[in-house]
Amino acid sequence: LNLNKSIINYLLENKVEVEVDTDIAKKLPEYEEFDEAYHLKNSELWDLYHHGHIEQEYLKLERFRWLLVRKGYESDDVDVLSAAMNEWYLEELSRCRELVDGAIDLLESLSKRYLIGVLSNGFADVQYRKLQTSGLWRYVQRMVVSDEIGVQKPDRRIFDYALSEVGAEADEVIMIGDNPDADIYGAKSAGWRTIYFNRKGRLSVSVADVEVASLSDVKAHL
């Protein structure tokens, strides 16, 4: 989900009970800069969260607070404003119906041969709603979310927990993931086979068994 200008409209309307600086629209960057800066900071914070260096609530606030402070927003209400931005964003994210190209075709094919599970570091309430809104829930037979068990990928314990949930051995499971650290390194360390979905064309540093650039390429390796 891309951030868009409606977040600024949200803040400038009457939905945030804080004294919003009248120059906030000028202080916030244009869409492209806002979007790029957000995703860079968000990725940095998620990496810290994956490894247990920060708490979930800090991640939620800091990704927006950092943007506001960086652009000169100095109000005492910056934390309240950041929380409102996060609330808006998570609500929009949970309603998002956009899917990665090839997702349905792949899941239809896999569902005939495999038990499909989700292993996520995302926020549980958002993850469940995303699956329902997008229509993907009908393919998912098991779901393990890190904040429900208190362990995040790439910690091996969450992978071992997932195995116990489905009654499988490590060599019977394949992880398909787009995060080379949390998904691929974590699963590989737990003895799973791995397919790295390099959806953003990153320079590959993955230890995956297989690397693909699109979901349509996954079936050839199963």
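Structure values in brief
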read-out	value
Test item: Cα-centred dipole of region 86-222, Lys/Arg +1 and Asp/Glu -1 on Cβ, debye	240 debye
Dipole of region 95-222 [Lys/Arg +1, Asp/Glu -1 at C-beta], most positive-end residue of N179, S164, S206	N179
Net charge over other residues, Cβ less than 11 angstrom from the Cβ of Y49 (K, R count +1; D, E count -1)	-3
Computed accessible area, Y38, all protein chains, 1.4 angstrom probe, square angstrom	0 Å²
Inter-label distance, nm, simple model (7 Å from Cα along the C-beta direction), D105/D35	2.5 nm
Whole-angstrom Cα spans of region 96-221 along principal axes, big to small	32, 31, 27
Only Lys, Arg (+1) and Asp, Glu (-1) charged, at Cβ; region 110-180 dipole about Cα centre in debye	360 debye
Cα-derived Rg over Rh, computed across region 68-157 with Rh taken as Kirkwood radius	1.11
Gained length - I54 relative to D76, 0.36 nm times residue gap less alpha-carbon distance	5.6 nm
Total charge dipole magnitude, region 146-222, about the Cα centre, Cβ charges on Lys, Arg, Asp, Glu only, Debye to nearest 20	320 debye
Cβ-based net charge around A213, under 15 Å, with every Lys or Arg adding one and every Asp or Glu removing one	0
Tensor-based shape of region 109-170 (alpha-carbon gyration tensor, a/c under 1.5 rounded, otherwise prolate or oblate)	oblate
GluC sites (Glu not before Pro) lying in DSSP loop within region 143-182, provided at most 14 other Cβ fall within 10 Å	E169
DSSP-assigned coil residues among GluC sites (Glu not before Pro) in region 71-122, each with at most 14 further Cβ atoms within 10 Å	E74, E98
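The values are calculated or read from the model by the stated rules, or taken from the named source; none is laboratory data. None of these values were measured; they are calculated from a predicted model. Positions of Cβ are backbone-derived with ideal geometry, glycine not excepted, and every protein chain shown enters the neighbour counts. Areas reflect the complete protein model, heavy atoms only, side chains present, ligands, DNA and RNA absent. Shrake-Rupley method; radii C 1.70, N 1.55, O 1.52, S 1.80 Å.
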